[in-house]
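To keep things clear, I will list the structure first and then write my remarks on it.
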Amino acid sequence: MELLEGACYLVEEPKPQLSFRVYRELVRQGIPGMCITRVYPDLAREKFGLEDGRVLWLADTPADDVLRPTAIVNLSKAIEVFLEEHPQGGVVLLDGLEYLILRNGYDAVLQFIEHLSDLVVRGRGIVLIPLSPATLDRKEVARVERDLELADTDAWRAELDAREWSRRLGG
């Protein structure tokens, strides 16, 4: 898939299925990946076919590979360190934006997104941020859309479907 390096993409979808498919495809192509999700890491690997890349759990449970949802500074730092470790480019899937908003408030998360966009544009990374627009009011969605690249979900889905059929047919 051809995505712009140094860009944060907003993937508007009710559930983050397409976002995980795109992330998995980019990692499959050899791009280093880090997935931050509300889904328990072992379950995320199984459910979404995540064979490679680091999976961090966005939760309050103290454990390895857990990021507390209220510690936005730590979340930002984890993404920054990952991008610094992969100056040739890496992909980050940040699944759980609605949860972050619930736990931290909309304005704090919008500031985090603005900061994240600044971090990513300096590097060659790609960040995928799924969001169910039905979870926010229209004005809030519009403010998030303003700061991020809006994913062409129909085109992405069609390209991924074509690639999967090609693989199944041995092409």
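Quick note: the coordinates plus some simple rules give every number you see, no bench work behind them. The structure presented is a predicted model; accordingly, all values stated were derived computationally and were not measured. No Cβ is skipped: glycine too gets one built from the backbone with ideal geometry, and neighbour counts run over all protein chains shown.
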statement: Residue by residue through segment 32-38, the couplings from Karplus 6.51 cos²θ - 1.76 cosθ + 1.60 with θ = phi - 60°, in Hz, x for Gly and Pro, are x, x, 9, 10, 10, 8, 7
statement: Interchain or sequence-distant (5+) residues whose placed amide H lies within less than 5 Å of the amide H of Leu93 are Met34, Cys35, Ile36, Leu128
- prompt: Between Ala71 and Glu2, what is the FRET efficiency for a Förster distance of 35 Å, r being their Cβ-Cβ separation, to the nearest 0.05?
  reply: 0.55
message: I'd like the Karplus ³J(HN,Hα) series for segment 18-27: coefficients 6.51, -1.76, 1.60, θ = phi - 60°, whole numbers in Hz, and an x wherever there's a Gly or Pro.
response: 5, 4, 5, 4, 5, 4, 4, 5, 5, 5
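Excluding Glu51 itself, calculate the net charge of residues whose Cβ lies under 11 Å from the Cβ of Glu51, where each Lys or Arg counts +1 and each Asp or Glu counts -1.
Details: positive: Arg24, Arg28, Arg45; negative: Glu46, Asp52.
Summing Lys and Arg as +1 and Asp and Glu as -1 gives +1.
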- line: Whole-Hz Karplus couplings 3J(HN,Hα) for segment 96-111, θ = phi - 60° and coefficients 6.51, -1.76, 1.60, Gly and Pro as x, run x, 4, 4, 5, 4, 5, 4, 7, 10, x, 4, 4, 5, 6, 5, 5
field: Relative contact order of segment 7-168, defined on C-alpha pairs under 8 angstrom at six or more residues apart (%)
entry: 36
Modelled FRET efficiency - R0 30 Å, Arg163 with Arg38, Cβ distances, 0.05 increments: 0.65
message: Against the 2.2 N^0.38 Å scaling, with N counting residues, where does the chain land? I'd like the Cα-based Rg ratio to two decimal places.
response: 0.99
- request: Among the lysines, select those whose C-alpha is under 29 Å from the C-alpha of Lys139, and discard any that sit fewer than 8 residues away in the same chain.
  value: Lys15, Lys77
